[in-house]
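S.K.: The structure that follows is given in the form of structure tokens.
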Amino acid sequence: MKKKMLAVVSVIMCAVMLLTPVSVSADAGTDAAFKAGFANVVSDTLNALIDFLLDGISSLLPPTMKIKDPSTHSSENFLAGNDKFIDAPAEGAKWSIGYASASILPDDFSEGKYYKGGYDINLQLSECIDDLKVRLIAMDDGSGRGISILAAVDCLGLANDDVRDIRAAVIAALPGVKITSINVSATHVHSGIDTQGIYTNTFGHVFQNLFSAFFGFDWLCDPVDTKLLKTIADQTAACAKLAVADMKTGTLTYSKTNIDDYVRDRTNPDIMIDYMYRLMFTPDDGSKGTILANFGCHPETTGYGTQIITADFVYYTEEVINEAGYNFIYIQGAVGTYTEDQHYSNDGLDMERADCTTRYGQEIGYILLAIGMTEEEIKASGIIDEEREALAKDSEGYTPWYEGGIAGETKVVEPILNVKLTEYLVPVENGVYRAFGKLSLANNVMYEDKDGNIVASTEVGYMELGKDLKIVLCPGETYAELIVGGPTMEGFKYKSAYEMIADENDEILVFDLVNDALGYIMADDDFVYLRLNYDAEYDELSFGDSWGLTSIGGHAASDIYGKFYELYDSVRDFNK
């Protein structure tokens, strides 16, 4: 959920801001510490008021007939993963991996009935400049414990209930196949078709569902177009069938490289996992290999207000990888509030945003292919598109993406695939989410107990690849400090993931927006609906950091990562 669709909440926030002092007289003698303290007081006051108002409004709303008691929650189509983890490859084991992809654009997309999901509400479009896809890999470590499936859908996010429908379709398409887990992620593209139900005819749906809730009618809107969801489920199932049939033995390798010139953090303090991770599968028979890319970045290079449907940079990265002879899948990383640094895709050229998106996606693809190469090796490899580079070579300040080479070491990943998931009901504390849930305006299935507490069904998972790769399967958008640590972790009930679970040689990857889409996940004490920031360098006070509006609540991190550590403890030992 993104703040632009929260028109009602914006009005409330504006009213609160008008009633609250938000600035001080700026004279040269005012102490910076006083201003910083003032900003904190204003922020605390604002957030207490906003929380009170949102909670009050959501409490007054009647639930629709879709809202049930938590006791009715079903585990249908939940897959828990491996019963037993292994610590070494099975005797003679090799990786077997298959791949497939397909478009998820419905056959009636051109009629203009589908809503864009990610920025503005009630925006129906019929033009897609590239394609929206599902990409899928089927993996088997040769241990005889079954196949694990990992899919990525070009969309903003998928509710857990919709993921379970996708699983049902995949299971039905693979009768007799031993499936250990089916995990479905979202690339988090902000210019695709709405898959969450909150960017549609929002105000019309509010009226319809509120009316129905008050009078006990079942005349409720479908938050997300049912044909779109069926198309996604059917195409994912078709891909799973093709990928399993395509499985070949081969070698899996792992690499990483720093891409801090290509991503940036929109909030302070600037804490990021600024690495791009690459898993590369090379089949023994010399057939087409597969590259999995993982890094945290909002695919929103095309910008706000774009009147087109597009998969953003993901599509153009795939084009480069495909041209090099590989399949491609992008799994969103610890995305937090991280976005592309567009300056490096624009290269100083006078271009439209869509063209900048193309160049950004291409450069990500080239870097993926060139990890571990020197500049001379890159020039000799044929990766460089000379015609493309010629467009920018005379631009002021342009630096070729390959200058100095692309640092990175490649390691072989032993055939070990362990995966475990847990399902649970997470408390929904954010009044915005509570309101949307009670009125059944979003596709997340929520429950209300007799005391008025709202909870939502979700899942958290843990995966191991080889002996050194530990992967968090997270249902939201992870702030990097939860993984690598930082000042915002002060007072948080858990240490960073690296401190909790990593050994000396371990890498921790985050697969975000997997099996659900619960919004931002920040350390509890760092949660705000709106923050007044003081910039000492420029001696300025300004409002920002409203990301808490698109989080399930102030305890999302301790709830979700608490469950993750509980799950981890069931299969592995914590660091001492």
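Read-outs: derived from the displayed coordinates by stated rules, not from any lab. Quick caveat: nothing in here was measured; it's all calculated off a predicted structure. Note: ideal-geometry Cβ built from the backbone for every residue, glycine included; neighbour counts use all protein chains shown.
S.K.: Which one, Tyr479, Ile171, Cys297, projects farthest toward the positive side of the charge dipole computed for the chain from Cβ point charges (K/R +1, D/E -1)?
M.R.: Towards the positive end, the residue furthest out is Ile171.
S.K.: Let me ask another. Where does the charge balance sit around Thr251 when Lys and Arg score +1, Asp and Glu -1, over other residues with C-beta under 15 Å from its C-beta? Don't jump to the answer; show the numbers that get you there.
M.R.: Details: positive: Lys94, Lys248, Arg278, Lys288, Lys411; negative: Asp140, Asp141, Asp284, Asp285, Glu414.
Summing Lys/Arg as +1 and Asp/Glu as -1 gives 0.
S.K.: A further question follows. Report the far tail of the P(r) of the chain, meaning the percent of Cα-Cα pairs longer than 33 Å.
M.R.: When all Cα pairs of the chain are counted, 43 percent exceed 33 Å.
S.K.: Can you list residues from other chains, or at least 5 along the same chain, whose modelled amide H is less than 5 Å from the amide H of Gly519?
M.R.: Answer set, sorted by chain and number: Glu477.
S.K.: Continuing with the same structure: In sequence order, what are the phi-derived ³J(HN,Hα) couplings for segment 407-423 according to the Karplus relation 6.51 cos²θ - 1.76 cosθ + 1.60 with θ = phi - 60°, rounded to whole Hz, with x for glycine and proline?
M.R.: Running phi through 6.51 cos²θ - 1.76 cosθ + 1.60 with θ = phi - 60° gives 5, x, 9, 9, 10, 7, 9, 5, x, 10, 10, 10, 8, 9, 10, 10, 10 Hz.
S.K.: Continuing with the same structure: Beta carbons within 10 angstrom, averaged per residue: use that to sort the peptides 247-260, 144-157, highest first. List each step's numbers first, then the result.
M.R.: Details: 247-260: 18.1, 144-157: 24.6.
Answer by packing, highest mean first, reads 144-157, 247-260.
S.K.: Follow-up. Grab the alpha carbons of segment 116-222, take their convex hull, and tell me the volume per residue in Å³.
M.R.: Values: hull volume 14.2 nm³, N = 107.
Once divided by residue count, the hull of segment 116-222 is 133 Å³.
S.K.: Residue-wise, which Karplus ³J(HN,Hα) couplings in Hz belong to segment 534-551, taking 6.51 cos²θ - 1.76 cosθ + 1.60, θ = phi - 60°, and x for glycine or proline?
M.R.: Coupling constants for segment 534-551: 10, 9, 5, 4, 9, 6, 10, 10, 8, 7, x, 6, 9, 5, x, 5, 10, 9 Hz.
S.K.: Determine ³J(HN,Hα), in whole Hz, for all residues of segment 497-510 in sequence, where each value follows from phi through the Karplus function 6.51 cos²θ - 1.76 cosθ + 1.60 and θ = phi - 60°; x replaces Gly and Pro.
M.R.: Whole-Hz 3J(HN,Hα) from phi for segment 497-510: 4, 4, 6, 7, 10, 8, 8, 4, 9, 7, 10, 9, 9, 10.
S.K.: Follow-up. At 15 Å minimum axial length over the Cα atoms and a Kyte-Doolittle cut of -1.0, report the qualifying DSSP H helices in the chain, or say none.
M.R.: Working: long enough: 7-19 (19 Å, 2.92); 32-60 (42 Å, 0.98); 160-173 (20 Å, 0.11); 202-215 (20 Å, 0.84); 226-245 (29 Å, 0.63); 313-323 (16 Å, -0.15); 353-370 (26 Å, -0.09); 556-571 (23 Å, -0.09).
The answer, listed by residue number, is 7-19, 32-60, 160-173, 202-215, 226-245, 313-323, 353-370, 556-571.
S.K.: Please give the FRET efficiency for Ser570 paired with His73, using the beta carbon to beta carbon distance and R0 = 22 Å, rounded to the nearest 0.05.
M.R.: Values: r = 21 Å, r/R0 = 0.94.
Once rounded, the FRET efficiency stands at 0.60.
S.K.: Could you tally the net charge around Leu541, taking each other residue with its Cβ under 10 Å from the Cβ of Leu541, Lys/Arg +1 and Asp/Glu -1? The partial results should precede the final answer.
M.R.: Values: positive: Lys35; negative: Asp535, Asp539, Glu540.
For residues surrounding Leu541, the net value is -2.
S.K.: Helix-derived [θ] at 222 nm for the chain: sum -39500 (n - 2.57) over DSSP H runs of at least 4, divide by residue count, nearest 500?
M.R.: Computed ellipticity for the chain at 222 nm equals -9000 deg cm²/dmol.
S.K.: Using Cα centres only, tell me the gap between segment 453-470 and segment 257-309 in whole Å.
M.R.: Here the answer is 20 Å between Cα centres.
S.K.: With +1 on each Lys and Arg Cβ and -1 on each Asp and Glu Cβ, and nothing else charged, work out how big the dipole of segment 344-426 is about its Cα centre, in Debye to the nearest 20.
M.R.: Numbers: 7 positive and 18 negative charges, 99 e Å.
Taking the Cα centre of segment 344-426 as origin, the dipole is about 480 debye.
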